[in-house]
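Take a look at the structure set out below.
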Amino acid sequence: MRRLAAALVDQSLGHVTHTAQGQLSLDEIRGAFRAALENPAYRRGMTVLWDVREATIAHLSAEDLRTLARFSHELRSVRGGGRAAILVSRDADFGVARMFQLYADVFPWETMVFRDLGETIEWLGGSPALTEKSE
């Protein structure tokens, strides 16, 4: 079973959705990030939702998060601005995602961590179609 589904890149919404299950590795996250940016439908500055409610990132170390932040920062010219939301369901994952958010302060896009899908969708732009695709 794949733990990180292929990213859904929706040009009509200007949005990328990553969904995941199980324990995610640093390499899986980096691979998904790169694959979305290489998708022909991707456009700079798209909003991004990392839906990890059915996954866990709690095992990632501070060094893993710094590595991921460096990797993401290196791709900033391709990624562009916009917003990225990380949607979690467990306290431990929330804590790890918030730590990553602190490292992400240098990115040209905003990163926020959420526990509630409705708040996430509102922050990303509030599209009803986005809500339907993320549930």
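A short reminder: the numbers here are calculations on the coordinates, not readings from a lab. Note that this is a predicted model, so its numbers are computed, not measured. No Cβ is skipped: glycine too gets one built from the backbone with ideal geometry, and neighbour counts run over all protein chains shown.
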Practice task
Give me the net charge of Glu122's neighbourhood, meaning all other residues with Cβ under 12 Å from the Cβ of Glu122; Lys, Arg count +1, Asp, Glu -1.
Solution key: -1
Handout entry: Projected label distance in nm at Ser89 and Arg66, using a 7 Å step from Cα toward the beta-carbon
Key = 3.3
Fill in the blank from the handout: Taking Cα pairs closer than 8 Å and at least 6 residues apart, the relative contact order of the chain in percent is 22
Practice task
Based on the mean of other Cβ atoms within 10 Å per residue, sort peptides 35-45, 94-104 so the most packed one is first.
Solution key: 94-104, 35-45
Problem - Ellipsoid semi-axes in whole angstrom, largest first, where each is sqrt(5λ) of the Cα gyration tensor of region 46-110 - result: 20, 14, 9
Practice task
Please work out which option in [x] 36, 30, 30; [y] 60, 34, 26; [z] 51, 48, 26 gives Cα extents along the principal axes in Å calculated from these coordinates, and answer with its label.
Solution key: [x]
Problem - Rough spin-label spacing in nm, given labels placed 7 Å along Cα→Cβ, for Arg115 and Arg76 - result: 3.1
Fill in the blank from the handout: CD proxy, 222 nm, the chain: helix-only mean residue ellipticity via -39,500 (n - 2.57) per DSSP H run with n ≥ 4, per residue, nearest 500, stands at -12500 deg cm²/dmol
